[in-house]
1. Which ordering of E210, E320 is given by a fewest-first count of other beta-carbon atoms within 10 Å?
2. Using the Karplus curve 6.51 cos²θ - 1.76 cosθ + 1.60 with θ = phi - 60°, work out ³J(HN,Hα) for each residue of the stretch 67-79 in order, rounded to whole Hz, and write x for Gly and Pro.
3. No solvent, one uniform scatterer per C-alpha: report log10 I(q)/I(0) for the chain via the Debye equation at q = 0.10, 0.12, 0.13, 0.14 1/Å, two decimals.
4. Per DSSP helix of 4 or more residues, -39500 (n - 2.57); summed, then divided by the residues of the chain. What does that give at 222 nm, rounded to the nearest 500?
5. Which residue, R355, R62, R299, tops the fluctuation ranking in a GNM of the chain built on C-alpha contacts under 10 Å?
6. Just to be sure I understand: with springs between alpha-carbon atoms less than 10 Å apart, which residue in V183, V294, V51 has the highest mean-square fluctuation in the Gaussian network model of the chain?
7. Not counting the cut sites, what is the longest span of the chain without GluC sites (Glu not before Pro) that DSSP labels loop and that have at most 16 other Cβ atoms within 10 Å?
8. Return the sequence-ordered ³J(HN,Hα) values of the stretch 307-319 in whole Hz as given by the Karplus equation 6.51 cos²θ - 1.76 cosθ + 1.60 applied to θ = phi - 60°, using x for Gly and Pro.
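Just so it is clear, none of the values below were taken in a lab; they were calculated from the coordinates. Quick caveat: nothing in here was measured; it's all calculated off a predicted structure. With ideal geometry, Cβ positions are generated from the backbone for all residues, glycine too; neighbour counts draw on all protein chains shown.
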Amino acid sequence: MAPADGEGDHGVRASDRAAENGELTPAASVPWGSRTVQVVLASTALAPLGVPLVAPALPAFRDAFLLSDAQASLLISGYFAAGIVLSPFIGLLADRAGRKRVLVAGLLAFGLLGSSVALSPSFGTVLVLRLFQGTAAAAIFITTVTLIGDRFEGPRRAAVLGVNVAVLSAAAALYPVVGGALVSFGWNVPFLSYLAALPVAMFAWVGLEEPARSAGGRGVAYLRAALDTVLAGSTLALFGATFLTEFLAFGVVFTAFPFVLAPVLSPVLVGAVILVAEAVSTLAAAASGRLANVLSSVRLLPVGFACYGVGFLVAWLAPEPAVVAVAALFVGAGIGLLLPSIDAALTARVPTEYRAGALSLRNSTTFLGRAAGPVAFAGLAVTVGLGYPVLLLGAGVLALAVAGVAVLATGET
C-alpha cells in the first residue's frame, strides 16, 4: 500500500502495518486484522438497511400517511432511482477527492438522512430524504469495493471481495426479520436503525488510511481517459455480465419464483425458498477466494452462469416447491460466484486513478438490472402472455449460452 498523500514518514509506517496485516500478500486468505477489511465489512453490513430492513414497514407506512400501495412503493423505488443516475458522479468524486472522504461522507449522510425519516411530517419529505439517502448508499457501495481493489491483489483480492458479498447477502437475509420486529413498535421505528452508520463513519475516519492515487488528469481529459478505460472490450463485457447477473436474479428469484409458488405455498414458505438462494449465495461468495487459487476470477464467470442455467432449467422442468427449492440452490451458488468474480476482474483491469469511476458505472449497471428484471419478467409473463414457464426456459438457455461464450472467451475447454 502506498503512503497516503501528505503522510511522509507516517506513510512508510502505514505501509509496514499493511504488510503485517497481510494487505500486500497475494495469498487467498482474508486478513481479518486489516483496518481496511474491518471498515469495509462494517460499512457493507449497513448497506442492506436501505431496503430489506424497511420493506416489512411498507403496510404500516402506507396506513400512517393514507397512501395507496403504489405510492407506498415509492419508498423503495425512489431509493434506487438516484443511484442509477448519480453513481458515475460519485465515482468521479471518489477518484478525485479520495475514497476515505467519500465513504465517511456517505456513511454520515446515510445515517442522518435515514434516521430523519422517522421524524418526517409528510410523505413528500420522506421521499426527498430517501432519494438523497439512496445517493449516500451508492457512495458506500462504490467506495467499499474500490478500497478492496486498491489495497489487495490477486487471490487475496478475490477472497476479500467474496467475504464482502457474503456479508452483504447475510445482512440482506437478516434485516427483513429485524425490520418486521421493529415495525411492531411503530412504522418509523425501523428507520432509527440507520443511526448505526454514525459510529461506523467515525471508525472509518479514524482507522482508514487514504490510498495514494496518481493524477489522472482533470476535467475533460479525465472523463475521456476514464471512458476509454471502461469501453475497452473485456471491461465492457464485464458490465454486460453485471447487468445480466442482476437482471436474471431479480427477474427469476424475486419475481418468477414467488409467482410460480404462490398458488401452492404461503408467503412465509415462498420467502423460505428465496432465503435458500440467499444462504447459498453467502456460502459461495465466502468460498470464492479459495476457488480463485484454482480458477481466476474471469474463469469463474462461466461457472456462475452455468449454475444459473441449471437452476432455471430445473425450475422449468418441474415447478414444484421442492424442485424449485433445489433450483434455488444452483441459482444462489451462481449469484455468490458471479458478483465477487465480476468485481475482482473489473478492479484488476482498471487503473487506480479511474477505479472508483469504473465501479460507479458498475453500480449504476447493478441498479439498472435490479430495476429492469422484475418489470421485464412480469410484463412478458402477464401482459404479453408468455407465462413464467416459458421465461424460465428462456432464462436457462440464455444463461448456458452466456456460460459457453465466456468459456470460449477465457480460453477454457
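1. Least crowded to most crowded, the residues run E320, E210.
2. 10, 7, 4, 5, 5, 4, 5, 5, 4, 8, 5, x, 5
3. -0.67, -0.98, -1.15, -1.32
4. Taken over the chain, the calculation gives -25000 deg cm²/dmol.
5. Answer for the Gaussian network model of the chain: R62.
6. Its mean-square fluctuation being the largest, the pick is V294.
7. The longest uninterrupted stretch comes out as 154-411.
8. Along the stretch 307-319, the couplings run 4, 4, x, 4, x, 5, 6, 4, 5, 5, 5, 8, x Hz.
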